[in-house]
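The values are calculated or read from the model by the stated rules, or taken from the named source; none is laboratory data. Everything numeric in this text was worked out from a predicted model, so none of it was measured. Here the Cβ is made from the backbone with ideal geometry for all residues, glycine too, and neighbour counts use every protein chain on show. The protein model used for the area step is the full one, side chains on, heavy atoms only, and it has no ligands, DNA or RNA in it. Shrake-Rupley method; radii C 1.70, N 1.55, O 1.52, S 1.80 Å.
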Amino acid sequence: MSLALVAGEVSGDMLAARLMAGIKPHLPGARFHGIGGPRMLEQGLASDVPMDTLTVRGLLPVLLRYRELKGIQNRLRDRLLAERPAAFIGADYPGFNLGLEEQLRAAGIPTVHFVGPQIWAWRGSRIKKVQRAVSHMLVIFPFEEEIYRKAGVPVTYIGHPLAETIPMEPDVAAARRRLGLPEAGKVVTVMPGSRMSEIKYLTEPYLRTVKLLAARDRSVRFIAPMAGERQTAYFMEIAAKAGLQDVPLKPVMGQSHDCIAAADAVLAASGTATLEVALYKKPMVIAYKVLQAEWLLIRNMGYLPWIGLPNILAREFVVPEFLQHAATPEALADALWFQLTDENNRKRLRQRFTDMHHSLLRDSAALSADAVLRVIGQS
């Protein structure tokens, strides 16, 4: 029996790898193929192309590479229609996976989509495509279950895998030891994102924010986890061009979870990183910038007043967000200083984020594997 899977980003690679680990004890002879990253490869995936080939962020970059990505999708579709796997599992990456799933399901191949597209945040019309494309939806936030059930899409809430991998009580001292940081003293972690487009637009305002904070308190240490050598080199190149190479910020290769655990406060881009910070119970400031033309396209397309996952889950601004022109170094420095120094706020966030952690904690590998087994008639 074969199962096909596609992940286009690091978060999807993690989710799909956990699903594969949950399936293997039930189907020890199953073959996995498609497109995935290092964690899926560790679980035995045969990947047709490197996952990095699919990793594109933003409307305009996707449009520029549309023909290339469509070619990859068509070749994979043709192969799967010929091989007819027991099921296709799309791990997030909806722009690519939903279109592929729609074609495969129309040809009689069951489809499972892992992580519901954020129809509750924007592009609600996409639910019609989901209805056509998806045999069973796996959702990672509790409020999503009712949305898909009302739309007539079979759905299972599996919890968020990060809630299982991140400890309820982070070991700050151990994280600092692994990073070579002193146990005492304030640490700020700066996370400009893993995508090159995020690094392009966030590096300079983030570094200028660090410069302002360092002037307020020279004892604060600043660290920045980097996804890889390419991202690190690009970050340093932008810093040098802006004349900010001497800002006291230490890039750290990988170790993003240690960097969050070690922090007293975090400056983070939008996305999964904000949820990771919340699960580590850390105060944070969320800031995001994109190409101005893209901002003009998307600014009126959202349904919610929040972009950060902690705020979306809480249904209120529990942490501040600064978008596009509002993300000035001065505003970020003031907000981050408050997160770093106000003890009442820190206690409040610790309790809110602990409650959030409990609400997301499920056995995601077992629940997702069981849903897939039911779809293919093996449960």
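Among 186, 200, the order of accessible area from largest down is 200, 186, computed with a 1.4 Å probe on protein heavy atoms. Express the carbon and sulfur contribution to the solvent-accessible surface of the chain as a percent, rounded to the nearest whole number, probe 1.4 angstrom. The C+S portion of the solvent-accessible surface of the chain is 53 percent. Ellipsoid fit via the Cα gyration tensor, segment 192-347: semi-axes of 22, 20, 15 Å, each the root of five times an eigenvalue, largest first.
Taking only the C-alpha atoms of segment 130-213, the Rg (one decimal) and the largest Cα-Cα distance, Dmax (whole number), read 20.1, 55 Å. With the simple spin-label model, which puts each label point 7 Å out from Cα in the Cβ direction, the residue 41 to residue 317 separation comes to 4.3 nm. Look at the dipole of the chain built from charges on Cβ: of 140, 361, 151, the Cα furthest out on the positive end belongs to 151.
The charge dipole of the chain, taken about its Cα centre with unit charges on the Cβ of Lys, Arg, Asp and Glu (plus for the first two, minus for the last two), comes to roughly 500 debye.
Per the Kirkwood definition applied to all pairs of different Cα atoms, how many angstroms is the hydrodynamic radius of segment 1-40?
Values: mean 1/r = 0.0988 Å⁻¹.
Answer for segment 1-40: a Kirkwood hydrodynamic radius of 10.1 Å.
Rolling a 1.4 Å probe across all protein chains gives residue 337 an accessible area of roughly 70 Å².
Between residue 363 and residue 328, the contour length at 0.36 nm per residue exceeds the alpha carbon distance by 8.5 nm. Per residue, the accessible area of the chain comes to 43 Å² when a 1.4 Å probe rolls over the protein heavy atoms.
Three semi-axes describe the equivalent ellipsoid of segment 321-379; taken as square roots of 5 times the Cα gyration tensor eigenvalues and ordered largest first, they are 41, 18, 6 Å. Sorting 68-75, 261-268 by average packing, meaning the other beta carbons within 10 Å per residue, from highest down gives 261-268, 68-75. Considering all different alpha carbon pairs of the chain, the Kirkwood hydrodynamic radius works out to 21.6 Å. A Cβ-based charge dipole, computed about the Cα centre of segment 154-215 with Lys and Arg at +1 and Asp and Glu at -1, lands at about 340 debye. Residue ranking by accessible heavy-atom surface, 1.4 Å probe, largest first, among 11, 364 comes out as 11, 364. Dipole of the chain computed with +1 at Lys/Arg Cβ and -1 at Asp/Glu Cβ about the Cα centre; of 203, 179, 225, farthest Cα towards the positive end is 203. Quick one: plug the Kirkwood hydrodynamic radius of segment 206-276 (C-alpha pairs) into Stokes-Einstein at 4 °C, 1.567 mPa s, and report D in µm²/s. Rounded to a whole number, D works out at 100 µm²/s.
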